[in-house]
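Each remark here refers to the structure printed beneath this line.
The values are calculated or read from the model by the stated rules, or taken from the named source; none is laboratory data. Predicted model only: the values in this text are computed from it and were never measured. Glycine also receives a Cβ, built like all others from the backbone with ideal geometry; neighbour counts cover every protein chain displayed. Heavy atoms of the whole protein, side chains included, go into the accessibility calculation; ligands, DNA and RNA do not. Shrake-Rupley method; radii C 1.70, N 1.55, O 1.52, S 1.80 Å.
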Amino acid sequence: MQGQRKIRVAVVFGGRSTEHAVSCASAGLVLSAIDPERYEVLPIGIATDGRWVLTSGDPARLALSASGSLPSVESVAVSGAEIVPRGGSLQVAAPGEVPRSLGEVDVVLPLLHGTYGEDGTLQGLLEMTGTRYAGAGVFASAAGMDKEYMKLIMSARGLPVGRYVVVRDRDWRSGLGAGPCAGPCAGPCAGPGERKRILDEIAELGWPVFVKPARGGSSIGISRVVSLDGLEEAIEAAREHDLKVLVEAAVDGMEVECAVLEGLDGGPPEASVPGQVVVDERSPFYDFQAKYLLSGTTMRIPAPIPASAAAEVRRLACAAFDAISCEGLARVDFFYTTAGTVLVNEINTMPGMTPASGFPMMWAASGLPLPQLVDRIIQSALRKQR
Ligand SMILES: Nc1ncnc2c1ncn2[C@@H]1O[C@H](COP(=O)(O)OP(=O)(O)O)[C@@H](O)[C@H]1O
Ligand SMILES: [Mg+2]
């Protein structure tokens, strides 16, 4: 390495979504594992208002803990000057100063979860500014983010998904059919009765159901509803995050995750050993608390399922990765049902990388420790011509 320039990696984290703190925690872990002999790291935070700033990237201050406050980009920012990507480099623009360049960046590692990070918007910005980045491209990011289209693509490719109903904004606002529209109905109405039709369709799913924002993450805005009584409230709560909502039949069984990496040298994707999510008993399901704050939630790796089911999970994880034309990395989440079948729950194109997250743990258990894992993700991005 002596005399040779190190590879410059901009680790971008934080972001405008509700998963800001989770992204900070992902960055904390990755920044502590990235090989300083090989890489020169620029830790760039996106504040919740969308400003890009240079940060200290101090892993100790980016950790999630049950007691302390949630980590944020603000708390590690070292300058208020805004950074913008331009022509493969990052430029700093402070008010009243001539913009200066932070130098060429070989690759951006967008450790962002949720909207404006994992949904294709950031990927589009990087494409437009000629900046190379790791992970899924524009389409795969958008397709993986939207649970409706994700399921449509999975089913079209023959992958098994559970039963669900989509609650669209226009239909929800159209009212129950008896009397005037029940919603605020600011825009054009789909005609009376659409909401009633949707409620009837949901009732046919049986109880309980899971109500979720179509484009969300980290279980934020998700409720488990046991009867018609709590349904409208749960839909309104999910609508706070996305005006499109999915209501799914609750699946009885075990939650199993599988981590995927893009194949080496253009080969097929590779799947890790699957792991089981064991949710802390204080949580009703794998909610935000259970995911990041309760120490009783653990991963059991390998997942305690028959070898044939584990093989099926790995096969389906790679098929799901390919179904949305994913690149770089992903984590595919499944249910192993009490009947012994496997259902795809979702694909995450930028999976959590916190110390409590399945993605780094499952790769470590598959023989790829975190520094090598990060290395592989960066290297597969460097090989690409965007
Ligand atoms: N259909 C379902 N049946 C049973 N549990 C579910 C279902 N959908 C979601 N859950 C529970 O809610 C959690 C979060 O849902 P998920 O769809 O993975 O959303 P997110 O994108 O926020 O992670 C899951 O890990 C699981 O615990
Ligand atoms: Mg999930």
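Here is the size of the range 52-176 from its Cα atoms: Rg then Dmax, 19.5, 59 Å.
Among the protein heavy atoms of the range 252-370, carbon and sulfur supply 53% of the accessible surface, probe 1.4 Å, non-protein parts ignored.
Full extension of the chain between Glu204 and Tyr116 gives 28.2 nm of extra length, using 0.36 nm per residue less the Cα-Cα distance. So, R0 is 22 Å and r is the distance between the beta-carbons of Glu40 and Arg61; what FRET efficiency does that work out to, to 0.05? Calculated transfer efficiency: 0.60. The range 144-163 and the range 73-111 have Cα centres separated by 37 Å. Ligands, DNA and RNA are left out, and with a 1.4 angstrom probe the accessible area of the chain is 43 Å² per residue. Extension gain, Gln379-Thr341: 0.36 nm per intervening residue step, less the Cα-Cα distance, totals 10.1 nm.
Largest mean-square fluctuation among Gly124, Gly14, Gly206, in a Gaussian network model of the chain whose springs join Cα atoms under 10 Å apart, belongs to Gly206.
Would you work out the relative contact order for the chain, in percent, from Cα pairs under 8 angstrom that are 6 or more residues apart?
Over the chain, the number comes to 17 percent.
Between the listed residues Pro269, Gly253, Leu316, the Cα displaced farthest toward the positive end of the dipole of the range 179-328, a dipole computed from Cβ unit charges relative to the Cα centre, is found at Gly253. For a paramagnetic label modelled on Glu97 (point 7 Å from Cα along Cα→Cβ), amide N atoms under 13 Å away belong, within the range 70-85, to 78-84.
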